[in-house]
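First comes the structure, then the notes that go with it.
The values are calculated or read from the model by the stated rules, or taken from the named source; none is laboratory data. Here the structure is a predicted model, which is why all the values come from computation and not from measurement. Note that we place each Cβ from the backbone using ideal geometry, even for glycine, and neighbour counts take in every protein chain shown.
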Amino acid sequence: MKSDNYHENAIPCLDKGFIRLVDFMGGDEAIVQAARVSYGKGTKMVSQDRGLIRYLMRHRHTTPLEMVEFKFHCKMPIFVARQWVRHRTANINEYSLRYSEARDEFYIPELDQIHYQSSINKQGRAEEDVPWELKEKIRTYFQELSSKSYQVYEELNEAGIARELARAILPVNLYTEWYWKNDLHNIMHFLFLRMDDHAQYEIRVYAKAMATIVKEKTPIAYEAFEDYVINGWRFSGIEREVFTRNIPNRIFSDIIEDVIYTITFSLNEKKTRPIKKLWEMYKKEGGKDILSNFELKWNSSGFNSENIRELKEYRDKIENLLVQSSR
């Protein structure tokens with residue numbers, strides 16, 4: 001496996017690591033192609049590729065995303081790799097310390113990444129800052145112990161000790177490398193978990209670098225991923241009940257009216273109509289305003305054209321909440 005630190009298309013990560021795209025199959029068009037084979041005539045209601053991909057993401061129809069594959073070459077500390085490998089859907093080939101000698105490359109954290117253990121999160125770091133003198137002492141420990149362990153490792157190698165045993169002397173901040181191949185659905189699951197603020201800083205660095213590559217290669221799918229997964233909200237049954245019980249019905253009604261106006265505006269963008277026809281279309285979508293009020297709002301308010309299918313689904317969700325809150 002190539003060991004050079006420099007690669008033309010690599011994204012640097014941490015002090016000595018990187019991630020780079022080695023191979024790629026598919027793209028947004030492959031998702032659409034797979035979905036249309038699966039859904040057949042059902043996709044005729046979705047006229048554009050973007051609308052179809054967003055529909056798939058919104059309704060968690062993830063199989064078409066598995067038609068897209070990425071293969072990355074990654075270099076990271078061993079302790080990061082051990083978190084990473086928990087995502088068991090990938091194909092991995094790692095640099096072997098049984099066959100090859102370890103390199104004198106260790107992760108040394110930056111001073112601003114040295115924090116106390118969190119008293120709330122047993123897996124994470126506290127926000128409380130560590131005194132500067134202690135930070136420098138800890139960083140020195142990292143440097144000294146890394147250097148000493150590698151010195152002992154070299155002595156064992158020179159003495160002819162088996163590499164598979166000698167490697168056990170090395171700490172987990174040693175850098176390793178691997179080729180990591182996965183499909184887009186499982187990569188997005190990885191990104192959702194590992195870009196989260198609760199994930200360890202070091203693996204977040206790699207996840208965010210990976211995300212820039214995924215976004216470049218599948219921009220429409222990644223946009224939907226951001227909208228419906230990263231920035232989307234999901235409520236439990238208890239949360240939904242509290243939500244509907246504490247929000248006045250008029251709030252839900254106002255939201256529904258706003259959505260219906262946006263639906264009407266979006267439909268009009270496709271084919272311009274006179275005001276009375278617009279009002280009739282607005283009423284057909286469930287609007288409550290009389291013609292004079294509709295005309296006043298239409299001429300005075302700014303609307304943006306949005307995906308009509310998404311808007312109608314959103315309206316239906318809010319109407320369902322309104323029904324629940326009225327019980």
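Among (1) modelled with pLDDT of 95 or more; (2) touching a Ser or Thr at 6+ places or on another chain (Cβ under 8 Å); (3) of a type in the set (Asp, Glu), which single condition is Glu223 missing?
(2)
Look at Glu177 and say whether it is surrounded by fewer than 22 Cβ atoms within 10 Å (Cβ to Cβ), part of a strand (DSSP E or B) and touching a strand residue (DSSP E or B) at 6+ places or on another chain (Cβ under 9 Å).
yes
What about Arg250, is it at pLDDT below 85, of a type in the set (Lys, Arg), in a helix (DSSP H, G or I) and exposed (fewer than 12 other Cβ atoms within 10 Å of the Cβ)?
no
Name every residue in region 306-327 that is surrounded by 13 or more Cβ atoms within 10 Å (Cβ to Cβ) and of a type in the set (Gly, Ala, Ser), in order of residue number.
Ser325
So Gly287 clears everything in (1) surrounded by 13 or more Cβ atoms within 10 Å (Cβ to Cβ); (2) within 22 Å of His59 (Cβ to Cβ); (3) modelled with pLDDT of 90 or more except one condition, right? Which one?
So the condition that Gly287 fails would be (2).
Would you mention how many residues in region 26-68 are among the hydrophobic types (A, V, I, L, M, F, W, C), at pLDDT below 90 and closer than 14 Å to Val229 by Cβ?
Adding up the residues that qualify gives 0.
Which one of these is under 30 Å from Thr176 (Cα atoms), of a type in the set (Asp, Glu) and either more than 12 Å from the chain's Cα centre (by Cα) or part of a helix (DSSP H, G or I) (or both): Glu239, Glu202, Glu226, Glu257?
Result of the check over Glu239, Glu202, Glu226, Glu257: Glu202.
Hey, could you check region 96-152 for residues that are basic (Lys, Arg), surrounded by 12 or more Cβ atoms within 10 Å (Cβ to Cβ) and not in a helix (DSSP H, G or I) and say which is nearest to the chain's Cα centre (by Cα)?
Arg125
Does region 190-199 contain at least one residue that is over 30 Å from Pro64 (Cα atoms) and not assigned by TED's automatic domain parsing to the domain that holds Asn307?
Scanning region 190-199, I find no residue that is over 30 Å from Pro64 (Cα atoms) and not assigned by TED's automatic domain parsing to the domain that holds Asn307, so the answer is no.
Please list, ordered by first then second residue, the pairs with beta carbon atoms under 9 Å, 6 or more apart or interchain, first in region 185-212 and farther than 23 Å from Thr63 by Cβ, second at pLDDT below 95 and basic (Lys, Arg).
Cβ pairs passing all conditions: Gln200/Arg125; Tyr201/Arg125.
When both residues are 6+ apart or on different chains and their Cβ atoms are under 7 Å apart, which pairs have a first residue that lies in region 286-305 and is under 12 Å from Ile260 (Cβ atoms), and a second that is among the basic types (Lys, Arg)?
That search, which allows pairs on different chains as well, returns Asp289/Lys297.
Each row is one residue, and each column tells you yes or no for (1) in contact with a Lys or Arg (Cβ under 6 Å, 6 or more places away or on another chain); (2) more than 21 Å from Thr218 (Cβ to Cβ); (3) surrounded by fewer than 14 Cβ atoms within 10 Å (Cβ to Cβ).
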{"residue": "Ala166", "(1), (2), (3)": "no, yes, no"}
{"residue": "Pro171", "(1), (2), (3)": "no, yes, no"}
{"residue": "Lys181", "(1), (2), (3)": "yes, no, no"}
{"residue": "His198", "(1), (2), (3)": "no, yes, yes"}
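With respect to the numbered conditions (1) farther than 30 Å from Asp49 by Cα; (2) at pLDDT 85 or above, which one is the sole condition not fulfilled by Thr244?
Going through (1) farther than 30 Å from Asp49 by Cα; (2) at pLDDT 85 or above one by one, Thr244 breaks only (2).
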